[in-house]
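Below is one structure, written out as structure tokens, with a few remarks after it.
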Amino acid sequence: MGEHISLKSQAGDIGAYIATPTGTPRGGIVVIQEIFGVNHHIRAVTDKFAADGYLALAPQFFDHIKTGVELGYTPDTIAEGRKYVMELGLDRPIQDVDAAMAELKKRGARKVGVTGFCWGGTITWLSATRLKPDAAVGYYGGGIHGTKSEKPTVPTMLHFGDKDMHIPMTHVNELRTLHPDVQIFDYPADHGFHCDERGSYDGGASRKAMERTLEFFRKHVG
């Protein structure tokens, strides 16, 4: 279903994985990676959005540092991914998301949503505050609280796990207070609950969150 393409970003050219639906796309979705690169899981998520009728694209942010990064879920790969994230910063990924949105529109998507997981959840949040997607849905973004003063200017939804040791519920509830217009859901699950390749996967939470995500995108993207 998917293929690799080149993406021209203000931050520099990178690769991307794009999945095309059958028939006319409902709209476009930018899928934002975790700290593990555009690996098997992120490609599968991108394919799933295409199966749901969206033209979906996952930019390979780490190409700015090292091409072809695909990491698993071990302590060593977590450390490696965090190193890339620290080196990359936030400005370049935001520029890449902007380029990905433009690419989807160039390919026929009238409206474009953004979604991301873990670190990608934080980038999704910043896309909602700094860019103009038609909607944004972030999953367990640990850096969102650190940029809590930024206000989304587009319809935004966030998902968190209440067993997530990286994101205390006090932070989640503070976001609820600061941003009453943002739809915020929590689930009896751990960090990474949507990834079925991790030990923290929670099928019930994953399905419910994606059900809400798709309903949100159908309302705001198509």
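Values computed for the structure shown
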item	result
Pair list, Cβ under 7 Å, 6 or more apart: the stretch 180-195 residue free of Cβ contacts under 8 Å to residues at least 40 places away in the same chain and farther than 17 Å from F217 by Cα, other residue of a type in the set (S, T, Y) and assigned to a loop (DSSP other than H, G, I, E, B)	D190/S200
Residue satisfying all of: in the stretch 159-207; in a helix (DSSP H, G or I) and closer than 18 Å to H41 by Cβ; farthest from the chain's Cα centre (by Cα) among these	G203
Answer from T156, T170, T147, T177 - the residue that is touching a helix residue (DSSP H, G or I) at 6+ places or on another chain (Cβ under 6 Å), at pLDDT 95 or above and β-branched (V, I, T)	T156
Failed condition for A128, given (1) at pLDDT below 95; (2) in a helix (DSSP H, G or I)	(1)
Residue pairs meeting the criteria (Cβ under 8 Å; at least 6 apart or on separate chains; first surrounded by fewer than 20 Cβ atoms within 10 Å (Cβ to Cβ), in the stretch 36-56; second in a loop (DSSP other than H, G, I, E, B) and among the acidic types (D, E))	H40/E197
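The values are calculated or read from the model by the stated rules, or taken from the named source; none is laboratory data. This structure is a prediction, so every number in the text was calculated from the model and none was measured. Note that we place each Cβ from the backbone using ideal geometry, even for glycine, and neighbour counts take in every protein chain shown.
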